[in-house]
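Peer 1: I have a structure here, written as structure tokens, and I will follow up with some questions on it.
Read-outs throughout are calculated quantities, based only on the coordinates presented, and are distinct from any laboratory measurement. Treat the numbers as computed from the prediction; the structure is a model and nothing was measured. So basically every Cβ, Gly included, is an ideal-geometry build from the backbone, and we count neighbours across all protein chains shown.
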Amino acid sequence: MTKKDNRRWISLVALVCQTTSLVLLLRYSRTVKTEKYLSSTAIVTAEFLKGIVCIFLVWLENDRSINRVILVLNEEIYNKPHDTMKLAIPSGLYSIQNNLLFIALSYLNAATYQVTYQLKILTTALFSVFMLKKKIEKRQWFSLFMLAIGVALVTWPTPDESNKRLTVQNQATWLQQMMGFCAVLVSAVTSGFAGVYFEQILKTGPTSVWVRNIQLAIFGTIFGLLIVICFDYKAVMDKGFFQGYTTLVWIVIFLQATGGLIIAVVIKYADNIIKGFATSLSILFSSVISYFVLHDFTPTLFFYIGTMCVLSATFLYGWEKPKVTPSANDQPRV
């Protein structure tokens, strides 16, 4: 096995572990019977930690020189306020998205969330067409249609669930599930737009991706603090900023902070097929663990069919025809 193949497999394992562990641990942290932590403060902490990690990576890129790090940050952030302010838009959207992530996993099991959140593929594709003028092949349009059908089937209620809604006892549960689905939908839209907008910014200059992430972290921390003040100010004043924080919560925060950075690193070595495998394995592991460990998920026929549609759509959208290199026998003879 070559070094390139090793990196591809490491990329696959890293993506699966990061995606699966974040969703499952976040779900467990929101349902376990302990003192509840504030998701808004957890997001602020994650953004701050992400900024620290990115500064460390810039330090590594610049021969481990603190003076060069200060020079880079001064030139790229302080001396370019206009370029820095451009990152306020995706950063604000990511802050909204992260808060919606906590809301969604408070009401939905990990498996259902994993499948429905793949709608971000659809929203990203649509924003890429309108903002970046990308061309999408017929195969990809068909895969996006399959994706929408699959998510609809996963979220489609069974006849038994429809009857349960009529009772007062299950009305609150149904409303909570709808809140979770709405949170995932809005999160997918913000993820698609912010991702395409950020891609557009990355292509406009030679600025390091880690510096861009520092800019995102700065605005993310600011927007996160505004959300804390607007929604959880009283709770913070009563019990403190880090109320309810346990070892589990700190692990979730670490995964949240480093998740995007891990993906940015491994995508350098992984292709769309690897990402498709990672998504499929993550959904599979989330479903199995939700059923056998968390006991908050019972798959239905609609879920099986919908999940197969989503996984097939993910592979079909990312599949690329192998490029055939002409051999010597194919060269025209003079």
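Peer 1: With r defined as the distance between the Cβ atoms of LYS33 and GLU199 and R0 fixed at 51 Å, what FRET efficiency is calculated, to the nearest 0.05? Don't skip to the end; give the middle numbers.
Peer 2: On the way: r = 42 Å, r/R0 = 0.81.
Using R0 = 51 Å, I get an efficiency of 0.75.
Peer 1: Still on this structure, I have one more. Under the Karplus relation 6.51 cos²θ - 1.76 cosθ + 1.60, θ = phi - 60°, what is the ordered set of whole-Hz ³J(HN,Hα) values for region 110-121, x standing for Gly and Pro?
Peer 2: Calculated HN-Hα couplings, in order: 4, 5, 4, 4, 4, 6, 5, 5, 5, 4, 4, 5 Hz.
Peer 1: So, in Å, what gap is there between the alpha-carbon centers of region 176-216 and region 19-93?
Peer 2: 13
Peer 1: Run the numbers for MET85 and ILE66: contour at 0.36 nm per residue of separation, minus the present Cα-Cα distance, in nm. Spell out each step's value before the answer.
Peer 2: Working: separation 19, 0.36 × 19 = 6.84 nm, distance 2.47 nm.
Between MET85 and ILE66, full extension yields an extra 4.4 nm.
Peer 1: Only sites in a loop by DSSP and with at most 15 other Cβ atoms within 10 Å count here; which trypsin sites (Lys or Arg not before Pro) in region 38-79 make the cut?
Peer 2: Details: sites: LYS50, ARG64, ARG68; in loops: ARG64.
When the trypsin sites (Lys or Arg not before Pro) of region 38-79 are filtered for loop state and at most 15 Cβ neighbours within 10 Å, ARG64 remain.
Peer 1: Per-residue counts of other Cβ atoms within 10 Å, averaged by peptide: what ranking do you get for 188-194, 297-303, 39-45, 140-146, highest first? Show your work: numbers first, answer last.
Peer 2: On the way: 188-194: 21.7, 297-303: 14.9, 39-45: 24.3, 140-146: 17.1.
Top to bottom by mean Cβ count within 10 Å: 39-45, 188-194, 140-146, 297-303.
Peer 1: Give me Rg over Rh for region 3-318, both radii from the alpha carbons and Rh done the Kirkwood way, two decimal places.
Peer 2: When Rh is taken as the Kirkwood radius, the ratio is 0.97.
Peer 1: If you don't mind, another one. Run through all the Cα pairs of region 48-155 and give the fraction in each 5 Å bin from 0, expressed as whole percent.
Peer 2: Binned Cα distances yield the sequence 2, 9, 11, 14, 14, 13, 13, 11, 8, 4, 1, 0.
Peer 1: From the cross-link list LYS33/LYS120; LYS134/LYS203; LYS33/LYS239; LYS135/LYS203; LYS86/LYS234; LYS50/LYS134, which pairs have alpha carbons spaced over 21 Å apart? It would help to have the intermediate numbers written out before the result.
Peer 2: Working: LYS33/LYS120 31 Å; LYS134/LYS203 14 Å; LYS33/LYS239 18 Å; LYS135/LYS203 17 Å; LYS86/LYS234 32 Å; LYS50/LYS134 30 Å.
Violating the 21 Å limit, Cα to Cα: LYS33/LYS120; LYS86/LYS234; LYS50/LYS134.
Peer 1: Given labels modelled 7 Å from the Cα in the Cβ direction, how far is it in nm from GLN243 to PHE231?
Peer 2: In this crude spin-label approximation the distance works out to 1.6 nm.
Peer 1: Now, a different point. Spelling out what I want: for every residue of region 173-178, take phi, set θ = phi - 60°, compute 6.51 cos²θ - 1.76 cosθ + 1.60 (Karplus), and round to whole Hz; glycine and proline get x.
Peer 2: Once θ is set to phi - 60°, the couplings for region 173-178 become 4, 5, 5, 5, 5, 5 Hz.
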